[in-house]
Amino acid sequence: MKRLVVKIGSNILADSKEGLDTKRISSLASDISELHDTGYEIVVVSSGAVAAGMRKLGLKEKPRDIKLKQAAAAVGQSSLMWAYERSFGDHGKKVAQVLLTRDDFSDRKRYINSKNTLLTLLSYRVIPIINENDTVATDEIKFGDNDHLASLVASLVEAERLVILSDVEGLFTEDPKHSPVARLIECIETITPELENRAGGAGSDIGTGGMYSKILAAKRTVNHGILVNIISGRKDGLLKSLIGGKSVGTIFMPKKEKLSSKKGWIAYSSRSKGSLVIDEGAVKALAQGGKSLLPSGIVSVAGDFDTGDAVYCLDTKGNRIAKGLTNYSSSEIEKIKGRKTTEIEEILGYKYSEEAIHRDNLVLV
């Protein structure tokens, strides 16, 4: 399956003073259209709405006030889509605007609906242009940055590759903007804590994510068996060269044992409604034995959740061990925690399942 997700950051598309860079958008549309002509299905995750709105509203710096940021997004989104519509139209391509929030991924029904919509658009050879719905998003339903959104979209549409276009050529041993001896890391087999620390912190005054957010996005994506590339978004023809087999930027190799679509959704898209503290025996059963979580291994319950909600499983020191969909509500687990499965029906008067969380609905974290 030839399916790509291409993430384009604000610092590629816009400037705080000049607004949208329509020439860069036109160039990127040309590169993407060439790949589209070879049979690829392509989804674009694009930032830039807030930055475009800043210019229209006469704002000198990125707004911190959430209402002003939402207003800038509303004003800028139309300009962003018009730029894409016009640029892709020059190559005979159709585009569609898709605005998403965190809830579209955390709610299972909305997740499936979003997937069906995107796959239908791709079947009609339409190029979806996806952005976070900043106009209505609040901190509770925000992705944080479009690197995170792009990683979720890549798994949603089951892409073979996620390409992140950055203002640098890839991941370096040091910050290339400040170190003349910085060296490009061409291939990464495993994303380690040391690598995450090396990636540093925040990005520009336009975007919300730096290299660190791209590393986290890659970490999520490779667990789905999807290849990830970070390349420069400011050089014409680079995307085509990459897909053609040329070594460009930094490549993150996919995990051989990939998460299933359902477990990927549990791990990265579902929103936890609470947590269960489990004893040492249960930790070993989950982490080493691949077992289900039984009520007998539960020490305590936190949060207010219902049957089917996602919860974290923590050890007694507070470390996250797993995440899964519970078979019982928080009030029910409070009653059956530490008890044997044979006692569930006697305590509750009924029994949905012997397991608090079945292993098919549980992912190690």
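Among 183-189, 167-173, sorting by the average number of other beta carbon atoms lying within 10 angstrom of each residue, highest first, gives 167-173, 183-189. Taking every alpha-carbon pair under 8 Å whose residues sit at least 6 apart, region 52-116 reaches a relative contact order of 24 percent. Find which of P295, G349, V283 sits farthest along the positive direction of the dipole of region 271-364, computed with +1 on the beta-carbon of Lys and Arg, -1 on that of Asp and Glu, about the Cα centre. Checking the options against the dipole of region 271-364, the answer is V283. Each peptide among 339-345, 297-303, 5-11 gets the average number of other Cβ atoms lying within 10 Å of its residues, and from highest to lowest they stand as 5-11, 297-303, 339-345. The structure-derived value of semi-axes √(5λ) of the Cα gyration tensor in Å appears in the list (i) 32, 26, 22; (ii) 40, 22, 20; (iii) 51, 19, 15 under the label (ii). Of all DSSP bridge pairs formed entirely within the chain, close to 40 percent run antiparallel.
Using the Kirkwood radius over Cα pairs, work out the Stokes-Einstein diffusion coefficient for region 271-364 at 10 °C and 1.306 mPa s, in µm²/s as a whole number.
126
Here, each number is a calculation from the coordinates, and none is a lab measurement. What you are looking at is a predicted structure, and each value in this text was computed from that prediction instead of being measured. Because the Cβ atoms are built from the backbone with ideal geometry, glycine has one as well, and the counts that use them run over all protein chains shown.
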